[in-house]
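Trainee: Can you read through this structure? Questions will come right after.
The values are calculated or read from the model by the stated rules, or taken from the named source; none is laboratory data. A quick note: this is a predicted structure, and the numbers were derived from the prediction, not measured. We place every Cβ from the backbone using ideal geometry, glycine too, and count neighbours over all the protein chains shown.
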Amino acid sequence: MTTTKHVVATIEEVPPGQHKKVHVKGRDIALFNLNGEFYALGDKCPHEAGSLCTGKVVGLAISKEPGDYQLVRPGEFVKCPWHGWEFDIRTGQSYCDPQKTRVRMYESHVENGDELAKGPYVAETFKVSVDQQYVVIEL
């Protein structure tokens, strides 16, 4: 399968700790900036298709015993706004059903504009035929 690049935002549009919904080839994708690293997840929660981009970004609460918990990895998890399912933004892994459920990840990275402008670009061409003659005036 061939992949194609799609420019979806400038880095200024998604500052660290923020996220943005983008649309690529018919798909809604949630783009997250975790301290300058960009991650792209399918925007639909696999449970019942809630938009992850409208969900709350949280940390992971861990506990060794009841009543004693610690918040780790702040800002690295997104919580579905409908039913609270949580997903690791870096991997798409579910923390509600880690063996079976994950959100689709998309490759994302930052490229300089001057590198993107180089291409390679291939123009679509069409066969052209001329059936009539025309008078042309040049100014």
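Trainee: Of the residues that sit in segment 88-108 and are hydrophobic (A, V, I, L, M, F, W, C) and out of contact with any Pro (no Cβ under 9 Å at 6 or more places or on another chain), which one is modelled with the lowest pLDDT? I'd like the intermediate steps shown before the answer.
Mentor: Step one: list which residues in segment 88-108 are hydrophobic (A, V, I, L, M, F, W, C), which gives 89, 96, 103, 105.
Right, trim to out of contact with any Pro (no Cβ under 9 Å at 6 or more places or on another chain) and you get 89, 96, 105.
Values: Ile89: 96, Cys96: 78, Met105: 93.
Filtering first and then ranking leaves Cys96.
Trainee: If the requirement is being under 27 Å from Val7 (Cα atoms) and under 22 Å from the mean Cα position of the chain (by Cα), which of these qualifies: Ala40, Ala123?
Mentor: Ala40
Trainee: Condition first: over 27 Å from Val122 (Cα atoms) and either in contact with a Ser or Thr (Cβ under 9 Å, 6 or more places away or on another chain) or charged (D, E, K, R) (or both). Now tell me which residues in segment 1-31 satisfy that. Before the answer, list the steps.
Mentor: Quick first cut of segment 1-31, residues over 27 Å from Val122 (Cα atoms) only: 12-21, 30-31.
Listed by number, the residues that qualify are Glu12, Glu13, Lys20, Lys21, Ala30, Leu31.
Trainee: Can I ask one more? For segment 44-70, name all the residues that are touching a strand residue (DSSP E or B) at 6+ places or on another chain (Cβ under 9 Å) and over 17 Å from Cys96 (Cα atoms). Before the answer, list the steps.
Mentor: Initial filter on segment 44-70 (touching a strand residue (DSSP E or B) at 6+ places or on another chain (Cβ under 9 Å)): 44-47, 50-64, 69-70.
If the condition is that a residue be touching a strand residue (DSSP E or B) at 6+ places or on another chain (Cβ under 9 Å) and over 17 Å from Cys96 (Cα atoms), then Cys53, Thr54, Lys64, Tyr69, Gln70 are the ones that fit.
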